[in-house]
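Note sheet for the following structure.
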Amino acid sequence: MGERTFHSTPKYHICCPFPHPLTGNNSFQLEFARRITAVRYHTMKSLLPFGIALLLLHSSLASDIPYPKAISDLKETIVKGLGFTAEDEIKIMGFDPREAQVGHSVEYQFDVEIDQKVIPFKLLEDVNRWDFVDLPIFQVEEQNGLVEKRSSGNGLPVLAPFQLAGPMELWINDAKDMRLSLPHDVDAGVLRKVILAEGAVVTVKGARSVSLRQPLDLPLPLNRTQNGFAAGLLTLAEHLRHASRAQSAPLLSLRIVGPTSLAAPSSTSPSSDSRLKLKRLAPGLVELSSPIKTKAIEDLSNVDVQGEAPTLLTPTKFATLWPLASLNGSNANLLGFEKLLHSVLGPKANKKGSFRLLKADVSAQTFVKMGFEAEKKLKEGDANLEGFPEWRTKPETVTMHFEVLAKVDGDKVVPERVKRLNPPVGEDTVALNLLTGNVSMSKTPIVHPPSSFFTL
C-alpha cells in the first residue's frame, strides 16, 4: 500500500472567495486579513458620506423648527427663578412640548384681612387625570403668516354645575349664547346682570369661574364642631343671608364668567314647583323670583348639631352653605376650608370680633406638567467624592432633574411649582469570576437548600 500524501494546497469555501484563515500557511492568513480590511475600508468609505448627510439633515431640521414662545418664556422664567447665571455654566435640557402632560383642576383663591393684615390663600385640587394633549400654545406659528392660528379659547375647562340661591345678584361676563330656562327656554337677549330674589334658585352650567365682586365683613367667633359638619362656615353664611334680607339691595354680588345656561332646578317631587318668574328691568338686566313663598329658615345657632348625623335633613333647618344651595355642610372641601380659617385666625377665632373677606375666586384651570434637566460642570471642591470607588471615572458634570407644574393662562404658561426629582440610583454589576476569585465551578462548594413540604 502506498503512502498517503498531504497537500499543502489551501482549502476554499464555495460561498467565500477568500482563503480560510485556519488553513494554509501564514501568507494566506495575512492575505485574508488584508482583503477583509480593504473591503471594510471601502464599505465604510462609501457609507461615510451618507452618514454625514444624514447628520446634517437632522441638524438642519432641528434648527429650522422654532421653539414655541410659551415654552421658551416658561423656560426663561424658571431659569431666573432658580438663580442660574451664565457664570455657573449650566446647560438646561428638556421642556419638550411632546412630553408635556395636560390636566384640568379647580383653583381656589382667597384674600382674608385680619387686624389690617391681608393673608392670601391659593389652593388647588388634585388633578385626577393627566393626558398628552396638543394644546394650541404648543403650536409653532409659521413665519409667513399664511397658516391660521388656532384660538386658545376653544376647549377651556369649566366648573361642575352648581346651584345659587337668592337674595343676591349675578354679573354675567362672556356669555353671548347663554340659555335661560325657567324651566322653558326664554329669550331675554344678552344678559349682563341677573337678580335672584328671595326663594329663587338657579342651576349654573358651563361657568369657567365664579368670583366675589365686593368685600364682605364676617363676624366672629367661628364655632367649630367635631362631628364632620362645618357649622362655623354655615353660621357665617346664615348671618350674611339675614343681613342681605334686611337691606333693600342684595348684599352679595358674584361675577360669573362664561356660563352656558341658567336654569330652574328640576323638581324632585310632583308636589314641588321650581318654576321661576322673569321680570325685565332694563336691557340686559332681569330679575328671577319664585312664585312660592318659602318658609323662614331657622337660625343655625338654635340647631343641635351634636349628633352623629353628617347633615341637617329637616326642611326648616339650614343644611347648605348659602348661597351655594348644592353644597351641604358635610362637604370635604368645606370642612378643610373651615379648619384652615380657624388655624389662621388663631385665638381670635374664639373671641368676638370680625374679619374681612377681600377676595374669593373659584375657577377651572388647565395645568401642564413637564420635566427638564440642569447639567452643571463640576469644579474643584464642588462635589464630595469621599468613598468614591477608585476604579470608576470621576464625574465631570452633575445633572439635576426637575418637574414643573404650570398653569395655562391664555397664550402664556405660568409656573406654579418647581419640584426637584431624585433620579434612579444606579447599581454596579460585578462579574462572577471577580467575586469568586476566578475559581472554576468544579471547586465551588455545593449548597443544598432545605426541602419544602409543598414541593411535588
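The values are calculated or read from the model by the stated rules, or taken from the named source; none is laboratory data. Owing to the predicted nature of the structure, the values given are computational and were not obtained by experimental measurement. Note: ideal-geometry Cβ built from the backbone for every residue, glycine included; neighbour counts use all protein chains shown. With ligands, DNA and RNA removed, areas are computed over all heavy atoms of the protein, side chains included. Shrake-Rupley method; radii C 1.70, N 1.55, O 1.52, S 1.80 Å.
Laid out as a table, the results:
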read-out	value
Enumeration of residues in the range 382-421 that are of a type in the set (F, W, Y) and closer than 29 Å to T77 by Cβ	F402
Which numbered condition K277 fails, given (1) at pLDDT 85 or above; (2) within 25 Å of P291 (Cα to Cα); (3) under 39 Å from the mean Cα position of the chain (by Cα)	(3)
Candidates A230, A249, filtered to the one that is farther than 23 Å from L285 by Cβ, out of contact with any Ser or Thr (no Cβ under 7 Å at 6 or more places or on another chain) and modelled with pLDDT under 90	A230
Residues being modelled with pLDDT of 70 or more and either assigned to a loop (DSSP other than H, G, I, E, B) or not aliphatic (A, V, I, L, M) (or both) - total across the range 127-152	12
Residue ID - farthest from E198 (Cα to Cα), chosen from residues in the range 285-320 that are open to solvent by 30 Å² or more (accessible area, probe 1.4 Å) and modelled with pLDDT of 85 or more	L285
Enumeration of residues in the range 89-109 that are of a type in the set (D, E, K, R) and either buried (at least 17 other Cβ atoms within 10 Å of the Cβ) or in contact with a Cys (Cβ under 8 Å, 6 or more places away or on another chain) (or both)	E107
Some residue of the range 377-396 being open to solvent by 60 Å² or more (accessible area, probe 1.4 Å) and in contact (Cβ under 8 Å) with a residue 60 or more places away in the chain	yes
Evaluation of H342 against (1) loosely packed, with under 14 Cβ neighbours inside 10 Å; (2) in contact with a helix residue (DSSP H, G or I) (Cβ under 7 Å, 6 or more places away or on another chain); (3) at pLDDT 85 or above (one fails), failing number	(1)
Hits in the range 85-126 - residues which are within 20 Å of V158 (Cβ to Cβ) and assigned to a strand (DSSP E or B)	V102, G103, H104, S105, V106, E107, Y108, Q109, L123, L124
Members of the range 323-339 that are open to solvent by 60 Å² or more (accessible area, probe 1.4 Å) and outside any strand (DSSP E or B)	A332, N333, K339
Cross-chain or 6+ apart pairs with Cβ under 7 Å, the range 145-173 first and under 12 Å from T366 (Cα atoms), then at pLDDT 90 or above and polar (S, T, N, Q)	P157/Q365; P157/T366
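Residues checked against (1) open to solvent by less than 50 Å² (accessible area, probe 1.4 Å); (2) modelled with pLDDT of 85 or more:
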residue: V204; (1), (2): yes, yes
residue: A207; (1), (2): yes, yes
residue: L216; (1), (2): yes, yes
residue: P219; (1), (2): yes, yes
residue: P259; (1), (2): yes, yes
residue: T268; (1), (2): no, no
residue: L281; (1), (2): no, yes
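Okay, residues lined up against (1) in a loop (DSSP other than H, G, I, E, B); (2) free of Cβ contacts under 8 Å to residues at least 60 places away in the same chain; (3) open to solvent by 40 Å² or more (accessible area, probe 1.4 Å):
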| site | (1), (2), (3) |
| --- | --- |
| H401 | no, yes, yes |
| A406 | no, no, no |
| P415 | no, no, yes |
| V418 | no, no, yes |
| V425 | yes, yes, yes |
